[in-house]
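For reference, the structure is listed below as structure tokens.
The values are calculated or read from the model by the stated rules, or taken from the named source; none is laboratory data. All of these numbers come straight from a predicted model, not from anything done at the bench. Note that each Cβ is placed from the backbone with ideal geometry, even for glycine, and that neighbours are counted across all protein chains shown.
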Amino acid sequence: MPEVRVVNVTKKYGKLYALNNVSLTIHDQEYFSLLGPSGCGKTTLLRLIAGLIEHDSGEIHIGDRRVDKDPPEDREIGFVFQTFALFPHMNTWDNVLYGPKVKNYDSKQAETIGHEVLELVKLSERLNAYPSELSGGMMQRIAVARALAAGGKILLLDEPLGQLDAKVRNDIRYEIRRMAKDLKLTAIHVTHDQQEAMSISDRIAVMKKGKIVQIGSPKELYMHPNSLFVAFFIGESNLLEGYVTKLEGKNAEVELREGYKIQAYNERDIKVGDRVVLAIRPETCEMKLGLIGEGLDGLFGQIEKTTFEGTIVRYEIRLVNGDRFVINRPSLTEEWVKLGQEVTITYPKEKAHLFPYPANGLSDEISV
């Protein structure tokens, strides 16, 4: 199966850049996700690869062939839409066989393909059902089956789970990945759901305002974000503003508001005196009752709000310098801390990511 290469692709609508000089390579048989907030350009990129819209400049390659001038039917692509897009007047069998019939497959070959893909999506027993007689999860599986039956080497999925409820969505996403891997397809999955992308992708491209800001495995993006936007958008991060007051190797001392000093890990070209933002993930922190230690040993504050979220309890804390801080703790393994309780928060220094303060301001940098 082929790899997909996008080279310096730009797409504008009037003066607005939907995509601005985007380049990326999606490897053969990779399950790749385009992740970002609404309006970032991920669906535009998917539709350009499919040939549903035309780009303004750049190149698109599938395997060793440049395809950006080819019509969609010549690109060997299967496309799954968010809205299912099944023909309401056709039953399951006719919907699935639509692609093979359009491509003039002989009837025996088309029937063989139809039975194979319906067996793959576990809907062989619903051959005669019409879309109105099926659940959302079933309709989406049929949409995937129809895309597979058309014989595409690349599977493109545009928010394929967006109209499903949470439980069905969780089940279907793993099924789609399994099918793509079993058939050795190259799959490109568009979503704005971080958990969805993190759970099924080999690699992810995080997009913002028509550009790709980072590409990596789910673990790389989560553990080593290259920007404040990625640290804030992938998962959750506490963002604390301050100035670097001391550096010893990669160990940094950061002074927050009201002269409050804490430790951080400097992986970038940050110098003493630089204005910085410290990003600390809520689940990396430990919490103890009372104000324990002094100096750089921890963050001190008071519980302002607790929220039960199933497997975790979310604590919102007002630090002694006035900054707000959130931590997540397991709900089943420890006693809940009460409102108003004074606490000390500790965190692994190497997991506190230090970034230069953005020139465009913090709010604009992390906005979606």
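Observations on the structure shown:
- Each residue in the stretch 306-337 was checked for being outside any strand (DSSP E or B) and free of Cβ contacts under 8 Å to residues at least 60 places away in the same chain, and 10 pass.
- Filtered residues of the stretch 40-73 (kept if of a type in the set (D, E, K, R) and either within 19 Å of Ile26 (Cα to Cα) or within 26 Å of the chain's Cα centre (by Cα) (or both)): Lys42, Arg47, Glu54, Glu59, Asp64, Arg65, Arg66, Asp68
- Restricting attention to the stretch 1-38 and to residues that are touching a residue at least 12 places away in the same chain (Cβ under 8 Å) and of a type in the set (Gly, Ala, Ser), the residue that is farthest from Pro218 (Cα to Cα) turns out to be Ala18.
- Taking each residue of the stretch 339-360 that is under 19 Å from Leu247 (Cα atoms) and looking for partners that are in a strand (DSSP E or B) and hydroxyl-bearing (Ser, Thr, Tyr) with beta-carbon atoms closer than 6 Å, six or more apart or interchain, yields Lys349/Tyr265; Glu350/Tyr265; Ala352/Tyr265.
- When the stretch 214-234 is filtered for residues that are touching a helix residue (DSSP H, G or I) at 6+ places or on another chain (Cβ under 6 Å), farther than 16 Å from Ile26 by Cβ and not in a helix (DSSP H, G or I), the ones remaining, listed by number, are Pro225, Ile234.
- Contacts under 7 angstrom Cβ, first residue in the stretch 58-75 being over 23 Å from Ala149 (Cα atoms), partner part of a helix (DSSP H, G or I), 6 or more apart: Ile60/Leu48; Ile60/Ile49
- Restricting the stretch 142-166 to residues that are in a loop (DSSP other than H, G, I, E, B) and in contact (Cβ under 8 Å) with a residue 60 or more places away in the chain, the residue that is surrounded by the most Cβ atoms within 10 Å (Cβ to Cβ): Pro160
One line per residue, one yes/no per condition, for (1) outside any loop (DSSP other than H, G, I, E, B); (2) touching a Cys at 6+ places or on another chain (Cβ under 8 Å); (3) closer than 24 Å to Gly162 by Cβ:
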{"position": "Pro2", "(1), (2), (3)": "no, no, no"}
{"position": "Val9", "(1), (2), (3)": "yes, no, no"}
{"position": "Gly39", "(1), (2), (3)": "no, no, yes"}
{"position": "Thr43", "(1), (2), (3)": "yes, no, yes"}
{"position": "Ile60", "(1), (2), (3)": "yes, no, no"}
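- Unmet criterion (only one of (1) at pLDDT 95 or above; (2) in contact with a Leu (Cβ under 6 Å, 6 or more places away or on another chain)) for His27: (2)
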